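> Take a look at this one; I'll ask things after.
The values are calculated or read from the model by the stated rules, or taken from the named source; none is laboratory data. What you see is a predicted model, and the numbers here were worked out from it, not measured in a lab. Virtual Cβ from ideal backbone geometry, glycine too; neighbours counted across all protein chains shown. Ligands, DNA and RNA are excluded from the accessible area calculation, which covers all protein heavy atoms including side chains. Shrake-Rupley method; radii C 1.70, N 1.55, O 1.52, S 1.80 Å.
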Amino acid sequence: MACDVTVIGGGAAGLVAAITAAEAGASVVVLERELACGRSILATGNGRCNFANVHLDPRRLNDPAFVEAVCGPHWLDDVLAFFRQSGLRWCIEGDRLYPMSRQASSVRNVLLTRARRAGVVLAPARELRSISWMGPERLGELGPATHWDPSRSEMLPAGMAEVAHTTPDGNPEPPLSPCSRTVILASGGAPLPRLGDLGLAVTRRVPVLCPLACEPSPLIELDGRRAHVQARLTKAGSPLPSWHERGEVLFRSYGISGILAFDLSRRAGEGDLVELDLLPDLGRAEVRQLADPLAGGNFEPGCLDGVLDPLIARLLERLARESWHVGWPGRDLAPTCAEALVALAKTLPLLVVGTTETDRAQVTRGGLANGQFDPKTLACHAHPWLFACGEALDVDGDCGGYNLGWAWKSGMVAGAAAARWALS
Ligand SMILES: Cc1cc2nc3c(=O)[nH]c(=O)nc-3n(C[C@H](O)[C@H](O)[C@H](O)COP(=O)(O)OP(=O)(O)OC[C@H]3O[C@@H](n4cnc5c(N)ncnc54)[C@H](O)[C@@H]3O)c2cc1C
């Protein structure tokens with residue numbers, strides 16, 4: 001089996017890369033280790049697939065310069081044009097885009113249908129173990145892919161995939177070893193296949209977009225409660241906050257979860273301070289007025305029940321009376337109980353221990369070091385037949401459609417360039 005383009009991984013980026021390459025005239029095979037392609041898409045956005053964001057801003061991803069160079073000035077337009085052409089229609093919630101059906105399977109299905117229509121060979125249940133390069137001197141020996149002779153597989157010049165394959169009932173099948181003029185690595189956050197002596201640099205992989213574990217504190221009592229907050233992150237040793245965002249947090253026994261905490265997990269480390277403004281729509285003076293209308297220095301129980309979840313308000317009242325953490329290092333002690341309550345409601349402190357539940361993290365930071373790839377084509381500088389896209393590269397973004405936005409667009413870039421290279 002030989003082809004112009006072999007895509008390793010039939011997830012979000014791989015399917016778009018395969019479609020783009022096939023529609024440009026290349027013969028394309030997708031090797032997917034799962035029993036079906038596109039499964040990773042089904043779990044996204046709680047099954048609804050938040051597939052893009054109206055503000056696809058490279059600054060919401062790490063390495064913004066690289067992301068900007070890959071995605072260009074019309075990133076969102078390109079993604080939407082691709083999906084419109086695939087038959088998908090969408091709706092907008094806040095700044096997030098979802099399929100009109102609110103079903104992730106709509107996104108996956110339009111991709112699979114378009115891939116089949118373009119003639120892509122989808123090969124699920126095939127895990128790529130390694131890629132080897134046969135040497136440029138043999139380049140001329142490769143005839144048109146359709147005339148490839150399996151007995152000459154060792155002569156083929158470009159990526160050669162060793163594929164181990166077993167059927168779902170455990171029966172071994174003959175190994176499938178496609179030889180290909182080009183290879184696109186789209187294996188997501190999974191461990192990369194063996195890259196032999198290709199000498200590629202891989203940055204350390206760390207799960208991100210997961211909950212934050214915080215130092216044990218009385219907030220443990222809020223396990224399961226949600227609040228709309230403005231969060232502010234101050235890195236350990238820094239006098240000033242480095243990041244803030246508004247959204248919902250879910251208090252857990254170990255710390256905080258929810259989309260806001262996930263975004264924090266991309267930025268916060270051990271020893272960093274997260275402060276939650278539990279009343280971001282009210283100024284301090286207004287909260288003080290609610291807590292202590294007569295400015296006597298004390299507050300009445302229930303004074304914040306009209307603006308806060310009463311269960312949270314009750315805990316804050318108790319902590320205010322105990323002066324818990326109101327005197328965080330570097331802060332003045334609140335002079336009165338009412339001031340302490342206001343301070344807790346406006347700047348509830350949490351000391352970060354690290355990330356947690358990382359096995360369920362949405363994205364992996366790290367991967368193939370971006371500097372090795374030409375951002376215009378996503379071809380490897382050292383091996384121009386090798387391309388990468390999606391999470392296999394060292395790119396990760398905030399929640400809100402940035403990660404899939406990156407997967408789609410980088411897949412388009414790599415697919416188009418791989419087809420050009422293979423057919424030239
Ligand atoms: C629970 C969850 C919810 C998410 N929700 C959102 C969301 O709403 N919006 C958003 O923007 N992002 C979301 N993400 C992140 C998003 O899913 C990823 O950023 C995106 O799927 C990355 O695309 P990819 O193609 O690079 O990797 P993937 O989609 O993970 O695809 C990689 C594919 O490669 C296959 N593979 C790996 N190794 C091999 C191998 N050696 N041989 C063959 N196949 C291999 C894998 O099985 C997989 O199918 C979510 C992630 C999770 C886990």
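> Which of the residues that make up the range 105-141 are modelled with pLDDT under 85 and open to solvent by less than 30 Å² (accessible area, probe 1.4 Å)?
Answer for the range 105-141, where residues must be modelled with pLDDT under 85 and open to solvent by less than 30 Å² (accessible area, probe 1.4 Å): A125, L128, S130, I131, G135.
> Can you pull out every residue in the range 86-100 that is open to solvent by less than 60 Å² (accessible area, probe 1.4 Å), part of a loop (DSSP other than H, G, I, E, B) and not charged (D, E, K, R)?
S86, G87, L88
> Does the range 23-43 hold any residues that are open to solvent by less than 40 Å² (accessible area, probe 1.4 Å) and among the hydrophobic types (A, V, I, L, M, F, W, C), and which are they?
Across the range 23-43, the qualifying residues are A26, V28, V29, V30, L31, A36, C37, I41.
> Answer with yes or no whether R48 is at pLDDT 95 or above and among the basic types (K, R).
The answer is yes for R48.
> Could you please let me know if A17 is over 20 Å from the mean Cα position of the chain (by Cα) and within 18 Å of A379 (Cα to Cα)?
no
> Can you tell which of A21, A69, A36 is closer than 18 Å to A186 by Cβ and in a helix (DSSP H, G or I)?
From the options A21, A69, A36, the qualifying one is A21.
> Another question about this same structure. Of the numbered conditions (1) of a type outside the set (K, R); (2) over 17 Å from L209 (Cβ atoms); (3) more than 8 Å from the ligand (Cβ to nearest atom), G9 fails exactly one; give the number of that condition.
Result: G9 passes all but (3).
> Counting residues that are under 36 Å from the mean Cα position of the chain (by Cα), which helices (runs of 4 or more DSSP H) fully inside the range 268-364 reach at least 2?
310-321, 337-346
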